[in-house]
Amino acid sequence: MFELVRSFQMSQGVKPRTYNGRTAAAAPERQRDAERTRNEILEVATSEFAARGYAGARVDEIAARMRTTKRMIYYYFGGKEQLFVAVLERAYVTIRQAEQTVEVDQLDPLSALRRIAELTFDHHESHPDFIRLVSIENIHHARHMAKSPAIANLGTPAIDVLARILERGRAEGVIGREIDAVDLHMVISAFCVFRVANRHTFGTLFERDLLDPALRDRYRVMLGDMVVDYVSGR
């Protein structure tokens with residue numbers, strides 16, 4: 001991780017700090033400190049960007065909350081835009097890592113799809129900042145994401161998992177609907193994102209809190225049923 005930070009710094013024209021003529025990479029303890037500091041910055045920055053948006057967030061405020069300096073943040077990330085991109089990367093990596101924990105090959109195709117839907121439901125509910133960040137980035141037409149090769153590659157694993165399940169389900173005769181993996185991913189994401197992103201407006205209009213714990217199991221099962229019933233052609 002530290003080498004990634006160091007490479008990023010060099011690409012931005014920031015020279016790695018030296019200690020007695022050696023770079024920080026030569027000191028394992030300093031490497032751990034650097035990675036810990038970087039993660040702490042990302043944690044606070046995620047909260048700041050999610051609460052205030054890209055335009056409203058202030059690096060000064062992030063620094064103040066960390067009791068550090070803006071210069072230190074720039075040392076690690078180069079600037080506000082690079083920091084926001086790093087926050088987005090971290091947010092998408094988290095959901096992709098969670099998806100990879102599902103042992104889909106050990107489940108029958110319909111159960112595997114239900115499990116993916118449930119995992120997405122659980123993740124989005126427990127990571128409201130992720131939903132806010134995605135909404136904010138859509139306001140900016142994904143121009144920050146477009147600058148990140150890492151994010152561009154993060155969609156592939158999720159689609160590959162769904163595509164394999166769909167292919168296996170068709171071969172076994174349990175999936176009869178013609179739907180591609182990207183469309184299925186959209187269906188699952190739409191339900192899960194809407195429930196978190198539109199909680200307050202929906203609640204104001206219909207007097208129903210979509211995140212009411214009493215309704216959670218009902219909505220989770222509903223999503224799984226919709227996915228399974230649709231792909232099976234029922």
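Which loop trypsin sites (Lys or Arg not before Pro) in the range 76-167, with loop taken from DSSP, have no more than 16 other Cβ atoms within 10 angstrom of their Cβ?
Working: sites: 80, 90, 96, 114, 115, 132, 143, 147, 164; in loops: 143.
For trypsin sites (Lys or Arg not before Pro) across the range 76-167 that sit outside H, G, I, E and B with at most 16 neighbouring Cβ atoms in 10 Å, the list reads 143.
How long are the semi-axes of the ellipsoid equivalent to the range 138-234, from square roots of 5 times the Cα gyration tensor eigenvalues, in whole Å, largest first? Write out the running numbers ahead of the final one.
On the way: eigenvalues 144, 114, 18 Å².
Its equivalent ellipsoid spans semi-axes of 27, 24, 10 Å.
Just to confirm the filter: which GluC sites (Glu not before Pro) across the range 160-234 are DSSP coil and have at most 15 other Cβ within 10 angstrom of their Cβ?
Here the GluC sites (Glu not before Pro) that fit, given the DSSP loop and packing criteria, are 178, 207.
Give or take rounding to whole Å, what are the principal axis extents of the alpha carbon atoms in the range 127-193, in descending order?
Principal-axis extents of the Cα atoms in the range 127-193, largest first: 42, 25, 19 Å.
What do you get for Rg/Rh over the range 40-94 if you use C-alpha atoms and the Kirkwood form of Rh? Intermediate results must be reported in sequence, preceding the final value.
Working: Rg = 10.0 Å, Rh = 10.9 Å.
Rg/Rh for the range 40-94 comes to 0.92.
Just to check I understand the Karplus step: with θ = phi - 60° and J = 6.51 cos²θ - 1.76 cosθ + 1.60, what whole-Hz values come out for the range 35-51, glycine and proline as x?
These are the phi-based 3J(HN,Hα) values: 5, 5, 5, 4, 5, 5, 4, 5, 4, 5, 5, 4, 5, 5, 5, 5, 7 Hz.
Principal axis extents for the chain, Cα atoms only, whole Å, descending order, please.
Cα spread of the chain along its principal axes, largest to smallest: 69, 44, 30 Å.
Can you pull the semi-axes for the range 83-136, root of five times each eigenvalue of the Cα gyration tensor, sorted largest first, whole Å? Kindly include the intermediate steps, with their values, before the conclusion.
Details: eigenvalues 131, 28, 9 Å².
Its equivalent ellipsoid spans semi-axes of 26, 12, 7 Å.
Read-outs: derived from the displayed coordinates by stated rules, not from any lab. Every value quoted in this text rests on a predicted model; they were computed, and no experiment measured them. Using ideal geometry, Cβ is built from the backbone for each residue, glycine included, and neighbour counts are taken over all protein chains shown.
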